[in-house]
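Here the structure comes first, spelled out in structure tokens, and everything after it is commentary.
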Amino acid sequence: MSTFTPAHLMLVEDERVVALDIKNQLRNYGYEVDAVVASGEQAVSRMSYVSPDLVLMDIHLEGAMDGIEAATRIQALHPTPVVFLTAYADEATLRRAIDSRPFGYLMKPCDVRELHATIQLALALAARENEAGMGSKPS
């Protein structure tokens with residue numbers, strides 16, 4: 001296996017079997033899946049406690065808040081990259097997703113190597129954005 005930066009993740013997926021499968025695949029790659037939640041409301045409320053390096057977010061979830069709204073709220077409160085992992089790619093959903101500024105968008109089911117590469121790229125991009133933001137602040 002290639003070297004990569006291990007990360008702590010939150011998985012937001014309302015289908016329990018799918019969530020367990022993704023969690024196990026991610027752990028096989030060395031990721032820590034610190035939280036698995038089924039709703040946007042749970043994702044937003046658990047962010048402060050879990051402090052993940054990255055959130056993997058389904059779009060259609062349990063509860064009133066979908067994944068796009070949850071991602072938007074998370075981005076407003078926490079500098080945490082969100083990658084959508086979803087079965088939906090219609091134009092209206094894509095437009096809404098783009099507005100939430102995701103760090104990736106993968107269609108389910110996806111290959112675990114593709115998921116791993118997307119996570120690594122999202123983490124690298126987030127780190128660069130964080131460094132750029134820190135560098136522009138006055139000392």
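Numerical summary
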{"read-out": "Summed residue charge, Cβ within 14 Å of residue 7's Cβ, Lys/Arg positive, Asp/Glu negative", "value": "-1"}
{"read-out": "Computed [θ] at 222 nm, helices only, for the chain once each DSSP H run of length n ≥ 4 contributes -39500 (n - 2.57)", "value": "-15500 deg cm²/dmol"}
{"read-out": "Cα gyration tensor category, rounded, prolate or oblate, for the range 27-97 with a/c compared to 1.5", "value": "prolate"}
{"read-out": "Overall form of the range 8-133 per C-alpha gyration tensor (a/c, 1.5; a/b vs b/c)", "value": "rounded"}
{"read-out": "Dipole magnitude of the range 14-139 about its Cα centre (Cβ charges: Lys, Arg +1; Asp, Glu -1), debye to nearest 20", "value": "320"}
{"read-out": "Sparsely packed GluC sites (Glu not before Pro) within the range 14-78, loop by DSSP, other Cβ within 10 Å at most 16", "value": "15"}
{"read-out": "Axial C-alpha extent at least 30 Å, average Kyte-Doolittle at least -0.5 - helices from the chain (DSSP)", "value": "112-135"}
{"read-out": "Rounded FRET efficiency, nearest 0.05, which uses the C-beta distance separating residue 8 from residue 90 and R0 of 25 Å", "value": "0.20"}
{"read-out": "By average C-beta atoms within 10 angstrom, highest first, the peptides 85-97, 116-128", "value": "116-128, 85-97"}
{"read-out": "Most positive-pole-ward Cα, 33, 88, 65, against dipole of the range 8-133 from beta carbon charges", "value": "33"}
{"read-out": "Environment charge of residue 53, counting only residues whose C-beta is closer than 12 Å and scoring Lys/Arg +1, Asp/Glu -1", "value": "-2"}
{"read-out": "Computed over the chain: relative contact order in percent, which uses C-alpha pairs under 8 Å that are six or more apart", "value": "21"}
{"read-out": "Most mobile of 82, 55, 37 in a GNM of the chain (Cα contacts under 10 Å)", "value": "37"}
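Taken together, the values in this text are just the output of simple stated rules run on the coordinates, not laboratory data. Given the structure is predicted, the values throughout are model-derived calculations rather than measurements. Heads up, the Cβs are rebuilt from the backbone with ideal geometry, glycines too, and the neighbour counts pull from every protein chain shown.
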